[in-house]
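Take a look at the structure set out below.
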């Protein structure tokens, strides 16, 4: 199945080097090879393969090569300086597509040697918006249960999706984690990972997890940062600007694979909404250059709204996710009335939308399918 971002990436390759980042098995390599078919002469090199490492280190591609795809290059020592060197000395017709299962953008801060030399695209699992644009059939229940990763989503058998997930978890925790940092106890990070699966959508206390696993809060924070760097989880932090007495700590945790979420249907649905909103925020950043972030609201009196989409530091609108409860959230009403913020209550089991007290109540499938991508 073709990905929506393909054409945008193809156009950006004419301007700069392109970084294609995202979770393991989200379809980055498949997409990169599909793009390669549009070039007369292309080359795919994976730094994980020993024979490719030598070709990469020696820059041993033919001068007529138009597209060079470098996969997992961030595992190479001094990879940023390497990319700077090959990009600054490349032939005029040559283009570079760099892919990886770690967050390449975290290595590319202002003042970095790669600044101004690349465009970033993040490829996430299928979402309602992308599937709608592709005219692909889907249901929200299917996305919640199987997740949007191509293999489990497209397989015909539920058991094959479960088998894929078991292998996916094992490869993440036994291979990818060790590529990021040498962990003394894989068992310990596995315990943290399992605890997070049970705490999706709730403010996370590093101290509480530390007590449960018998490690320090600092180590818990480090493990969560590693899982985040590998696109296993993402943090949604509280928004505080102009919100009286808002908390500025305790992030909420969500998974890129909704199939990993343990909990009731409401929590699983909330994770799907969070992922869809994050994917839209990433797309607006990567394709439109907008500074968009996903946050949530929470006061010291524990008035809380699930999500706030924030652009340039200001809340665009608030989103409350509900499985089937059509009654307006009192906390959503509070923030909407007190701060005059546009607000939407997204309900999974709802056929027709309405507006109540200035708040939109919208069917989830329609709302999620219309997000920017």
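With runs of 4+ DSSP H residues as the only contributors, calculate the mean residue ellipticity of the chain at 222 nm using -39,500 (n - 2.57) per run, divided by the residue total and rounded to the nearest 500.
-11000 deg cm²/dmol
Note on residue 370 and residue 316: the model spin-label points, each 7 Å out from Cα along the C-beta direction, lie 1.4 nm apart.
Reported value for the stretch 6-122: 100 Å³ per residue, from the convex hull of its C-alpha atoms. Counting every other Cβ atom within 10 Å of each residue's Cβ, 339, 254 order from fewest to most as 339, 254. Distance between the C-alpha centers of the stretch 65-97 and the stretch 305-373? Whole Å please. Cα centroid to Cα centroid, the span is 43 Å. Once you have a ≥ b ≥ c as the square roots of the Cα gyration tensor eigenvalues for the stretch 204-349, tell me rounded if a/c is under 1.5, and otherwise prolate or oblate according to whether a/b is larger than b/c. Rounded is the answer for the stretch 204-349, as its axis ratio a/c remains below 1.5.
For a protection proxy built on the mean count of beta-carbon atoms within 10 angstrom, sort 95-102, 366-373, 135-142, 300-307 highest first, please. Before the final figure, lay out the partial values.
Numbers: 95-102: 22.8, 366-373: 18.6, 135-142: 12.8, 300-307: 17.1.
Final packing ranking: 95-102, 366-373, 300-307, 135-142.
How much of the DSSP beta bridge set in the chain is antiparallel, as a percent to the nearest 5?
Numbers: 20 of 50 bridges.
Within the chain, antiparallel bridges account for around 40 percent of the total.
May I ask you to derive the relative contact order of the chain, considering only C-alpha pairs under 8 Å and at least 6 residues apart, and to give it as an integer percent? In percent, rounded to a whole number, it is 14.
Express in nm, to one decimal, how much length is gained between residue 159 and residue 264 on full extension, taking 0.36 nm for each residue of separation and deducting their alpha carbon distance.
On the way: separation 105, 0.36 × 105 = 37.80 nm, distance 2.06 nm.
Answer, rounded to one decimal: 35.7 nm.
Computed extension length for residue 53-residue 300: 83.6 nm, one decimal, from 0.36 nm per residue of separation with the Cα-Cα distance subtracted. The spread of Cα positions in the chain, taken along each principal axis and listed from longest to shortest, comes to 65, 47, 47 Å.
Peptides 86-92, 319-325, ordered by how many other C-beta atoms sit within 10 Å of their residues on average, highest first, read 319-325, 86-92. Put a dot 7 Å past the Cα of residue 360, heading toward its Cβ, do the same for residue 195, and the two dots end up 3.9 nm apart.
Every number here is computed from the coordinates shown, using simple stated rules; none is lab data. Computed from a prediction, not measured in an experiment: that's the story for all the values here. Glycine also receives a Cβ, built like all others from the backbone with ideal geometry; neighbour counts cover every protein chain displayed.
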